[in-house]
Amino acid sequence: MRRLGEVLREQYGEKVYKLSLSSGCSCPNRDGTLGFGGCSFCSAGGSGDFAAAAAPLEMQIEEAKARIAAKTDAKKFIAYYQAYTNTYGDLQRLEALYSEAAAREDVAILSLATRPDCLGDEVMAMLCRLQKRKPVWIELGLQTIHERTAEAFHRGYALPCFAEAYRRLKAAGIPVIVHVIFGLPGESREDMLDTVRYLAALQPPPDGVKLQMLHILRGTELGREYERAPFPLLTMEEYADLVAESVRILPEETVLHRMTGDGPGKLLIAPEWTRNKKRVLNAINARLSAE
């Protein structure tokens, strides 16, 4: 199973770096359409706490590039719209925004995080038009295949909704990256790996996966639940083992986009070990090397 960085270097001949941008979208799980407050683990930033503040695109991109200038000399970028639901709202406005990003020479790819229940016919038509200008990736936050878990964190859609959205995206030739969270309350190791096995069995397989440990954040429903009655969380060693086993299960053609994630330091309640990302990655790589 290959990692995203090496795949992008092969395709573009150089490093390609993500710029976290804001589309100004909301989410049907926040604005009252499906619920209020979003998924129970989701912060007020809508999983986009590191994204640029909503502003004109040029300003967002230049600010995002300035933030990463010390880390990379990349000249090509992925316009990454992570926060909230980026196919939800005024489609005319969104198509104009994404077309503006696609028109930039330094933007190689558009990556839009969204929900499977926000991919209707008009949205699909927009994505197909955008795909003719620049490659478009759709990132779907599945997190788990288990309905009891999804209901507990208020995901707001059932697994068949994901399956149908996935089928339609793949039929349209649009790459799909699926998000999975390990450590959701009540899930066993086998429950978590069952989600990975489900993805591995999809035909055609996912273009990419993002694996992440559950972060318990202040200001979220889950954070309040945890502070009232702490529940067991994965250790770093358990998490590293899950990632290594997932790599073994997933098909070779599925690209590993993420092995762990960052929780905003000022909001993180637990687990404390996730604060040291380098240490976590070292633990994962050591486990992978031992395979």
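Quick one: net charge around ILE61, please, counting Lys, Arg +1 and Asp, Glu -1 for every other residue with C-beta under 9 Å from its C-beta.
Here the count lands on -2.
Nearest 20 debye, what's the magnitude of the dipole of region 89-162 about its Cα centre given +1 on Lys and Arg Cβ and -1 on Asp and Glu Cβ?
Values: 9 positive and 11 negative charges, 28 e Å.
In total the dipole reaches around 140 debye.
What nm distance separates the two modelled labels at CYS161 and LYS15, each placed 7 Å from Cα along Cα→Cβ?
3.9 nm
Which three extents, in whole angstrom, do the alpha-carbon atoms of region 72-155 cover along their principal axes, largest first?
Extents along the principal axes: 45, 34, 17 Å.
Choose one of GLY186, GLY37, LEU267: the residue whose Cα lies farthest towards the positive end of the charge dipole of the chain (beta-carbon charges +1 Lys, Arg; -1 Asp, Glu; about the Cα centre).
Of the options given, the answer is LEU267.
Based on the alpha carbon coordinates of the chain, what radius of gyration and maximum Cα-Cα distance (Dmax) apply, in Å?
In Å, with Rg to one decimal and Dmax whole: 18.2, 51.
Give me Rg over Rh for region 156-228, both radii from the alpha carbons and Rh done the Kirkwood way, two decimal places. Walk me through the numbers before you get to the answer.
On the way: Rg = 14.7 Å, Rh = 14.1 Å.
When Rh is taken as the Kirkwood radius, the ratio is 1.05.
In the structure shown, do any of LYS75/LYS170; LYS15/LYS170; LYS18/LYS170; LYS15/LYS71; LYS75/LYS210 have a Cα-Cα gap over 18 Å, and if so which?
LYS75/LYS170; LYS15/LYS170; LYS18/LYS170; LYS75/LYS210
Which of the cysteines in the chain are isolated, no other cysteine C-beta under 4.7 Å?
Here CYS25, CYS27, CYS118, CYS128, CYS161 come out as lacking a disulfide-compatible partner, given the Cβ-Cβ threshold of under 4.7 Å.
FYI, it's all coordinate maths here, none of it is from the lab. Computed from a predicted model, the values in this text were never measured in an experiment. As a convention, Cβ positions derive from the backbone with ideal geometry for all residues, glycine included, and neighbour counts pool all protein chains shown.
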